Amino acid sequence: MLISQALQSSRQIANELVDFETFDNALNKGQPPLPLFRDTLKSAAAILTERFIAGRAATELVFARSHLIDKIIVRAWHLYFDKKEKDIALVAVGGYGRGELHPASDIDVLLLLRDEDTAYKEAIESFLLFLWDIGLEIGHSVRNIMECADEAEKDITVATNLQESRLLTGPKDLFEAQRALSAPNKIWPGPAYFRAKLNEQEKRHLRFNETAYNLEPNIKEGPGGLRDIQMIGWVAKRHYGVDTLHELVDQDFLNEQEYKTLHEGQAFLWQIRFGLHVLTKRREDRLLFDHQRALAKQFGYKDTYKKLAVEQFMKQYYCTVMELSRLNEMLLQLFKEEILYADDSGEPVKINKRFQTRKGYLEVTYDKVFQHYPFALLEVFLIIAQQPEIKGIRANTIRLIRDHRYLIDSSFREDIRCQSLFMELLRQQHGITHELRRMNLYGILAAYLPAFNNIVGQMQHDLFHIYTVDEHTLRVIRNLRRFTVKEFANEFPLCSEIIQTIPKQELLILSGLFHDIAKGRGGSHSELGTVDALEFCQQHNLSKYDSNLVAWLVRNHLLMSSTAQRKDISDPDVVHEFAVQVGDLHHLNYLYLLTVADIRGTSDSVWNSWKDSLLKELYHATRRTLRRGLDNPIRQSEYIEETQNQALVLLQQQDIPTDEVLALWDKLGNEYFLRYNPDEIRWHTQAILQCNENELPLILVRESRGGTELFIYAYNRRHMLTNITTTLEQQGMNIVDARIFASTSDYILDTFLMLDSNSEPIKTESQMNELKEHLKHKLQTSSDELTPVNPHLARQAKHFKFPAEISFENDSTNNRTIMHLKAYDRPGLLSRISAALSTCKIQILSAKIATYGERAEDIFYISTMDNEPIRLQSDFDCIDKNLHELLSD
């Protein structure tokens, strides 16, 4: 529905909401105004909500509410001001001035005075109080004409609000005088206004990481949101004097199809915003997880085999804001050319027969370039990457690129010129990420790579990925490119060092481009993506080796992270198995870089120093294994002997008696020396031997391996582990790794690697000492009763709960049982698991903790209290029952 039709329909709706003839009669007969106005507003709001839920378009309802408020507020005005007042007027400003009011929108008004307000002060106060009492959320200012002009000159926001002002009641000459003093020929002329608004938009976009693809987007302030549409309207009105966006069509700034896209996008966002206000009963512009499912249902989306209703809804949202972002960019570029460069358009500087620059912006040499040279649709992006001094693309060329996307078909993709241009772009030293983003925005990337089109706007409905799949993919590529920039070498020194050894970085970029390209299709996205990647490489004439390398990286892009986080990488057998899968140092280097870039591209909170340390440890261990030779794996006994010898040297340097060291080590068992490195063994051994029995528990704390390392040596007693984990979790510590051992003399040697609530190690010695003393006090005074942490679920988390999945396998080699647990992550999870196992008289020998957003995928190595694998079905049933009970809330 066009705006003119919506306005006409909205007036009819407003008249249907309230019978104003009956209302006025009741008011004239002396019915108390307060309950009359308040009840009328409540009734009208309920009807508006009913109509929205019944399927009425928000484009009608926002105008209808504005018409309704006009009628109400003017009648309220006349309770306190004479209709013939000549020196005061009531003016709607801002969104209300445009006639757009969502259910919980602020109602912004200006009480415009000719001079000072002394004569009206009491009436103004009473009027505003009455509006609040009847339930209207009023934003108001009281100013005379000169004050309006002065404030507008100082503050562009005030100037913008006044620009959208609308007289509700009062003397028209007063209103027109204010408009004249705030006009562009007086303050904020077009060029200055445009520059200020452009700077305002750039700062606003930065607050949202310059992407519209956050999983909980702000539909008003975020890139591609309603504010971007308003930005276009504000500039057009200020500079060209147009009142509607459609008038930009007459000015040749928009064509009819672009206006339709702009209007339909605004209508869709209005529908969401209206729904948010109805759902939350307040002003809410954030499309939170709490609301996405409810709105998807309200708008009629249905779950399918491949996609949830909420994913379909959000995909439409992301595709809509992408189109709006593209139109916003194109129109702002047009405004730059017409407003800032109107007097000096610049002489063209020819690049080739297809392209030239003008005032630093790239443009086609004539309008039919893409018809005559379709490959120029890719060449344009390569030119900008090769010439970083180019500021951007001129608006008319942006439009031509968009209008000629239809030329990108199978014959285009098979054209050797197009294939060469695309690969050459990926080989550039600068600008790859920026131009791939531009290609995505203009729809060229999805046209050239049809598989990529499937992931544009594809939501990943979890807490692990905070971006859509296409945005995540481009961030992974950005991360890979960042490793090559010298200025950022201090961020990831190892990655910066390794990438200098990569002979063909375009293969790394391709693996990043394809690693998630099959998300959302059903089945294994790694396997399906491998097929797409291999087909692309072969089509683009990459060598067999290079093609297979890219395909291998796509297929195995999760291998290194899953090995590091789910397996015991201190075990030489685990490292050897991983090394066999990798094969050689060349593959290891590519995989390590892709893994770091991938994890960092999921969200800012997922990457931390612990994961950094874990991946480095696996990288270096695998590199050593590869150098030793895959056919010459280190034997376990050899590994233990080497570790003990290195630890013994460190202890001898501290003058620790060797006989005492060996006597202690005899009680620890081989597993201990497989799980700890020589420095950790030195740390533990020295402290234990220097500690008296009456000083137990011995608690050591230090920063290590990207986290805070806590070591506890104490006499074992029932529920000990539960009390330790409960205490740590109550102190806000997140346990990311746990190694639990018991000596033959029944002492525990437990190590926990922890991060604080900000996913950082504890920074100060005083904090470490405070934690140590608190834990020691708890362990010395606690009883044998179980007191697991009572979890408090975060707002976002409540929408991703799922039942726990528990499975077991027998590890006969190490005489233990391995329990795999997938559960909803929450505070106190580990203490609850420990409590459940302790109730069943099962002990945890060690644990691998891995968290992926809302999912905890942990592995526990467990045994009976007699240090035997679990064999009885009754024990398995007990564990299953207790875990499900403790993890069900």
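The values are calculated or read from the model by the stated rules, or taken from the named source; none is laboratory data. Computed from a predicted model, the values in this text were never measured in an experiment. Heads up, the Cβs are rebuilt from the backbone with ideal geometry, glycines too, and the neighbour counts pull from every protein chain shown. Just so you know, the surface numbers come from the protein's heavy atoms only, side chains and all, with ligands and any DNA or RNA stripped out. Shrake-Rupley method; radii C 1.70, N 1.55, O 1.52, S 1.80 Å.
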Check: When semi-axes √(5λ) of the Cα gyration tensor in Å is calculated directly from the model, which label among [x] 69, 31, 22; [y] 60, 38, 24; [z] 59, 29, 23 fits?
Finding: [y]
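Defining a contact as two alpha carbons under 8 Å apart and six or more residues distant in sequence, what relative contact order in percent does segment 203-351 show? If you can, show how the numbers build up before the last one.
Numbers: 125 pairs, mean separation 41.3, N = 149.
RCO, segment 203-351: 28 percent.
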Item checked: Too-long pairs where the Cα-Cα distance tops 26 Å, listed order kept, from LYS336/LYS368; LYS359/LYS486; LYS237/LYS281; LYS306/LYS504 -> LYS359/LYS486; LYS237/LYS281; LYS306/LYS504
Next item on the list: For segment 211-225, take each phi angle, set θ = phi - 60°, evaluate the Karplus expression 6.51 cos²θ - 1.76 cosθ + 1.60, and give the result in whole Hz per residue in order, putting x for glycine and proline.
Entry: 9, 8, 9, 5, 6, 10, x, 9, 6, 9, 8, x, x, x, x
Check: Check THR169: other-chain or 5+ apart residues with amide H under 5 Å from its amide H, H built from backbone geometry?
Finding: LEU90
Notebook entry, point to check: Share of antiparallel DSSP beta bridges in the chain, in percent to the nearest 5?
Noted result: 90 percent
Next item on the list: Give the long-range amide H neighbours of LEU749: residues separated by 5 or more places, or on another chain, with amide H under 5 Å away, using H modelled in the peptide plane at 1.01 Å from N.
Entry: PHE741, ALA742, SER743
Next item on the list: Using a Förster distance of 22 angstrom, determine the FRET efficiency expected from the C-beta separation of ALA294 and SER888, and round it to 0.05.
Entry: 0.35
Checklist line | Additional length obtainable on full extension of the chain from THR157 to LYS121, 0.36 nm per residue less Cα span | finding: 10.4 nm
Next item on the list: May I ask for the longest run of the chain untouched by GluC sites (Glu not before Pro) that are loop-located per DSSP and have at most 14 neighbouring C-beta atoms (other than their own) within 10 Å?
Entry: 492-784
Item checked: Point-charge dipole on Cβ atoms (K/R +1, D/E -1) for segment 90-170, about Cα centre, debye to 20 -> 260 debye
Check: Say each of ALA26 and LYS504 gets a label point 7 Å from the Cα, pointing the same way as Cα to Cβ; how far apart are those two points in nm?
Finding: 7.9 nm
Check: Among HIS277, ALA89, GLN500, whose Cα lies farthest out toward the positive end of the dipole of the chain, if unit charges sit on the beta carbon of Lys, Arg (+1) and Asp, Glu (-1)?
Finding: ALA89
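Counting DSSP beta bridges with both partners in segment 339-448, what percentage is antiparallel, nearest 5?
75 percent
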Next item on the list: Measure nothing fancy, just the Cα-based angle from helix 376-386's long axis to the longest principal axis of the chain, in degrees from 0 to 90, nearest 10.
Entry: 70 degrees
Next item on the list: Obtain the nm distance between the two label points defined at GLU577 and TYR240 by a simple spin-label model: each point lies 7 Å from its Cα along the Cα-to-C-beta direction.
Entry: 6.5 nm
Notebook entry, point to check: What percent does the relative contact order of segment 387-507 come to when contacts are Cα pairs within less than 8 Å and at least six residues apart?
Noted result: 19 percent
Check: So who's got an amide H within less than 5 Å of the one on HIS140, skipping anything under 5 residues away but keeping other chains? H placed 1.01 Å off N, in plane.
Finding: VAL109
Notebook entry, point to check: Is segment 264-394 rounded, prolate or oblate when judged by the Cα gyration tensor, a ≥ b ≥ c being the square roots of its eigenvalues, rounded requiring a/c under 1.5 and prolate requiring a/b larger than b/c?
Noted result: prolate
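Determine the shape class of segment 69-181: with a ≥ b ≥ c the square roots of the Cα gyration tensor eigenvalues, call it rounded for a/c under 1.5, and otherwise prolate if a/b is greater than b/c, oblate otherwise.
Oblate.
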Next item on the list: Determine, from the Cβ-Cβ distance of ARG358 and ASN810 and an R0 of 60 Å, the FRET efficiency 1/(1 + (r/R0)^6), rounded to the nearest 0.05.
Entry: 0.25
Item checked: Extension gain (nm, one decimal) between LYS306 and LYS772, 0.36 nm per residue minus Cα-Cα -> 162.8 nm
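Given a Förster radius of 35 Å and the C-beta distance between TYR545 and GLN646 as r, what FRET efficiency does 1/(1 + (r/R0)^6) yield to the nearest 0.05? Don't skip to the answer; put the middle values down first.
Numbers: r = 39 Å, r/R0 = 1.12.
Taking R0 as 35 Å, the efficiency between TYR545 and GLN646 is 0.35.
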Notebook entry, point to check: Applying the Karplus parametrisation 6.51 cos²θ - 1.76 cosθ + 1.60 with θ = phi - 60° to the phi angles of segment 363-372, what ³J(HN,Hα) value in whole Hz is obtained for each residue in order, glycine and proline being reported as x?
Noted result: 8, 6, 7, 7, 5, 9, 4, 6, 5, 7
Note to self: Can you find, among LEU553, THR839, MET439, the residue sitting farthest towards the positive end of the charge dipole of the chain, where Lys and Arg contribute +1 and Asp and Glu -1 at Cβ?
What the structure shows: MET439
Check: Of all DSSP beta bridges in segment 277-411, what percent run antiparallel (nearest 5)?
Finding: 75 percent
Next item on the list: Find the centroid of the Cα atoms in segment 208-259 and in segment 582-628, then give the distance between the two in whole Å.
Entry: 43 Å
Next item on the list: For segment 817-831, take each phi angle, set θ = phi - 60°, evaluate the Karplus expression 6.51 cos²θ - 1.76 cosθ + 1.60, and give the result in whole Hz per residue in order, putting x for glycine and proline.
Entry: 10, 9, 10, 9, 10, 10, 8, 6, 6, 7, x, x, 4, 5, 5
Check: Expressed as a rounded percentage, what relative contact order does segment 349-449 have, with Cα pairs under 8 Å and six or more residues apart?
Finding: 29 percent
Notebook entry, point to check: Excluding ligands, DNA and RNA, what is the solvent-accessible area per residue of the chain at a probe of 1.4 Å, expressed in Å²?
Noted result: 43 Å²
Check: Unpartnered cysteines of the chain (Cβ-Cβ under 4.7 Å counts as a partner)?
Finding: CYS148, CYS319, CYS418, CYS495, CYS537, CYS691
